[in-house]
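Any read-out appearing in this document is the output of simple, stated calculations on the displayed coordinates, not a laboratory observation. Because the structure is a prediction, the values reported are computed rather than measured. Counting neighbours? That spans all protein chains shown, and the Cβs are built from the backbone with ideal geometry, glycine included.
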Amino acid sequence: MTRKNIQIQLENGLEARPVALLVQEASKYESTIYIQSGEKKVNAKSIMGMMSLGLDNGEELLVTADGEDEQVAVEGIEKFLSGQVA
């Protein structure tokens, strides 16, 4: 299991389009990926779950991945959230 705290560095936070792109990024990986903000933890491959977090620029979240490509998955999510869209 790989875990990493990541700060969102997207100008408009995670609105509908960036959330859809983040879900697409997470779906590229075999690993199970969760994103946690505060006490709320959702599957990063679920668009409805991700929308429910209502994340803004500057917020910090915990990304957890478990599976064969967990390290690459966390790196990909981090790259996306830091504005370096893959």
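Between Ala20, Ala16, the distinction of being among the aliphatic types (A, V, I, L, M) and within 17 Å of Gln84 (Cα to Cα) belongs to Ala20 only. Taking each residue of the range 1-19 that is touching a residue at least 40 places away in the same chain (Cβ under 8 Å) and hydroxyl-bearing (Ser, Thr, Tyr) and looking for partners that are loosely packed, with under 14 Cβ neighbours inside 10 Å and part of a strand (DSSP E or B) with beta-carbon atoms closer than 9 Å, six or more apart or interchain, yields Thr2/Asp66. Entry remark, the range 47-75: residues being of a type outside the set (Gly, Ala, Ser) and in contact (Cβ under 8 Å) with a residue 40 or more places away in the chain number 15 in total. Consider the range 25-78 and keep the residues that are polar (S, T, N, Q) and under 10 Å from the mean Cα position of the chain (by Cα). The one that is nearest to Lys4 (Cα to Cα) is Thr64. Can you confirm whether Gly83 is in contact (Cβ under 8 Å) with a residue 12 or more places away in the chain, in a loop (DSSP other than H, G, I, E, B) and touching a Leu at 6+ places or on another chain (Cβ under 8 Å)? So Gly83 passes the test. Note on the range 54-86: among residues that are surrounded by fewer than 20 Cβ atoms within 10 Å (Cβ to Cβ) and hydrophobic (A, V, I, L, M, F, W, C), the one that is farthest from Glu25 (Cα to Cα) is Leu62.
Selection over the range 9-19 of residues that are surrounded by fewer than 14 Cβ atoms within 10 Å (Cβ to Cβ) and closer than 14 Å to Met48 by Cβ gives a count of 1.
Of all residues in the range 21-51, those satisfying the criterion of being over 16 Å from Glu70 (Cβ atoms) and loosely packed, with under 14 Cβ neighbours inside 10 Å are Gln24, Gly38, Glu39, Lys40, Met48.
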